[in-house]
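**Q** Got a structure for you, questions after.
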Amino acid sequence: MENNYTVKVNNSSEFNFDQDHLNELNAVKEKASVYHILNEHKALTAEVTHKDFDERLYTIRLNNNIYKVKIDTPLDQMIKELGFSVGSSKKQNDIKAPMPGIIIGIEVNEGDCIKEGDTLLILEAMKMENAILSTIDATVKSIKVKAGDKVEKNKLLIELE
């Protein structure tokens, strides 16, 4: 996997950077979230005013101009190519099938209190067992499948509250 990053600015301009570009970047951290940058013999001051790491969204003040920046890492790009979503599952109470497969085990019951990272069910897909994990601390509201069910991608499996 190549280290290519896609950066979208203000949801309109898109740029691609590889590791060589990043190595050539002349930026010095002055203090928390403030950077001094030299670009084409011009000095710039950049301040990160807002960060949303899960969504890879940042608000940056660059010489008194405000920019909304979205960064897709190589892993983010691969996940999107495979048809999965990046980051959004952390904020959802609906657990959906990430791919077609067969439910071979359900590890929770309705009403169970669960923690982020707990195994909810096991989905067999492409001859591999995939543990579907909770992305939040929650209570199991309802289970929409049973062991042996065949499911399609994006089928609702479990509702959390």
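The values are calculated or read from the model by the stated rules, or taken from the named source; none is laboratory data. Only a predicted model underlies this, so the values are computations on that prediction, with no experimental measurement involved. Counting neighbours? That spans all protein chains shown, and the Cβs are built from the backbone with ideal geometry, glycine included.
**Q** When only residues in region 30-57 that are acidic (Asp, Glu) and part of a strand (DSSP E or B) count, which is farthest from THR135 (Cα to Cα)?
**A** GLU30
**Q** Which of the residues that make up region 18-36 are out of contact with any strand residue (DSSP E or B) (no Cβ under 8 Å at 6 or more places or on another chain) and surrounded by fewer than 11 Cβ atoms within 10 Å (Cβ to Cβ)?
**A** If the condition is that a residue be out of contact with any strand residue (DSSP E or B) (no Cβ under 8 Å at 6 or more places or on another chain) and surrounded by fewer than 11 Cβ atoms within 10 Å (Cβ to Cβ), then ASP20, ASN23, GLU24, LYS31, ALA32 are the ones that fit.
**Q** Out of curiosity, is LYS153 of a type in the set (Lys, Arg), under 30 Å from LEU57 (Cα atoms) and touching a Gly at 6+ places or on another chain (Cβ under 8 Å)?
**A** It is true that LYS153 is of a type in the set (Lys, Arg), under 30 Å from LEU57 (Cα atoms) and touching a Gly at 6+ places or on another chain (Cβ under 8 Å).
**Q** Please determine whether any residue of region 75-88 is at pLDDT 90 or above, of a type in the set (Phe, Trp, Tyr) and either assigned to a strand (DSSP E or B) or within 25 Å of ASP18 (Cα to Cα) (or both).
**A** no
**Q** Run down ASP118, ASP149 and say which single residue is modelled with pLDDT of 95 or more and surrounded by 14 or more Cβ atoms within 10 Å (Cβ to Cβ).
**A** ASP149
**Q** Take the residues in region 7-29 that are in a strand (DSSP E or B) and of a type in the set (S, T, N, Q), then tell me which one is nearest to the chain's Cα centre (by Cα).
**A** ASN16
**Q** Scanning region 1-55 for residues that are in contact with a Pro (Cβ under 8 Å, 6 or more places away or on another chain) and of a type in the set (S, T, N, Q), which turns out nearest to ILE66 (Cα to Cα)?
**A** Among them, the one singled out is ASN4.
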